[in-house]
1. Label Ala54 and Asp162 with points 7 Å out from Cα along Cα→Cβ: what is the distance between them in nm?
2. Just flag the trypsin sites (Lys or Arg not before Pro) in the range 52-123 sitting in loop per DSSP whose Cβ has no more than 14 other Cβ atoms within 10 Å.
3. What would the Debye formula give as log10 I(q)/I(0) at q = 0.19 Å⁻¹ for the alpha-carbon point model of the range 112-192, no solvent?
4. For the range 126-192, which GluC sites (Glu not before Pro) are in a loop by DSSP, counting at most 15 other Cβ atoms within 10 Å?
5. Could you tell me what percent of the accessible area of the range 16-158 is made up of carbon and sulfur, with a 1.4 Å probe and every protein chain present?
6. May I ask you to derive the FRET efficiency for Tyr27 and Asn95 from their Cβ-Cβ distance with R0 = 45 Å, giving the value to the nearest 0.05?
7. Just to make sure I understand: if all protein chains stay in place, what is the order of Glu37, Glu101 by accessible area at 1.4 Å, largest first?
8. Residue separation times 0.36 nm, minus the C-alpha to C-alpha distance between Glu152 and Ala128: what's the value?
Amino acid sequence: MTIPSPISNPAVLNSAKHSKHNLPMSYCPDCGTALVERPLPGEGLVPWCPRCEAWHFPLYNVAVSMLVVRETDGRILLVKQYGRPSYILVAGYVNRGEALEHAVAREVLEETGMTVSRLCYNRSQFFAPSNTLMCNFTAWVSDADDYAPNEEIDEGCWFTPDEARAHIRSGSLAQHFLNAALDAGLGNAPAD
């Protein structure tokens, strides 16, 4: 499988990697000293604490988002949350020390009451507004009759893949993940 680069221009990639403006921290998380950028071989400019004499790589959150697919008919669950009017994918943060696959199963169970029977990693993308690496999966459920949303979900609806494309929040990362997975055939029910 060929994994497309979200940034194809090496100059853009290089400037993002080495730009001071993309560093999320200015002070040492251990001692509070102002960090300075120093070249680290093979890494470029990296925040350095002169007091601790330690490198500090950027910190960020990690979350999972899922195309929750009903095994019986391939319909996809889209949800509305927190009073917002548009549909998105089921998603949630990964706990410290937790495997991504476990986070997928846990979030689907917590938010929908359903158990993941199979899952497949699709792709990831950094989401700058929340400083989060979003990791997208397809998660198949065989117990869709047990759908019981928790308080985080205002509304959920099962859509065919084409309906899901039409109803997901336009311009969102969820739309990007949904379309990419469906275009790659990853939203189809797996064969036994």
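The values are calculated or read from the model by the stated rules, or taken from the named source; none is laboratory data. As the structure is a prediction and not an experimental result, all values here were calculated from the model. Note that each Cβ is placed from the backbone with ideal geometry, even for glycine, and that neighbours are counted across all protein chains shown. Just so you know, the surface numbers come from the protein's heavy atoms only, side chains and all, with ligands and any DNA or RNA stripped out. Shrake-Rupley method; radii C 1.70, N 1.55, O 1.52, S 1.80 Å.
1. Roughly 5.7 nm, to one decimal.
2. Arg96
3. Rounded to two decimals, the profile gives -1.05.
4. Glu151, Glu152
5. With neighbouring chains kept in place, the figure for the range 16-158 is 52 percent.
6. Using R0 = 45 Å, I get an efficiency of 0.95.
7. So, going from the largest accessible area down, we get Glu101, Glu37.
8. Going from the current span to full extension adds 6.4 nm.
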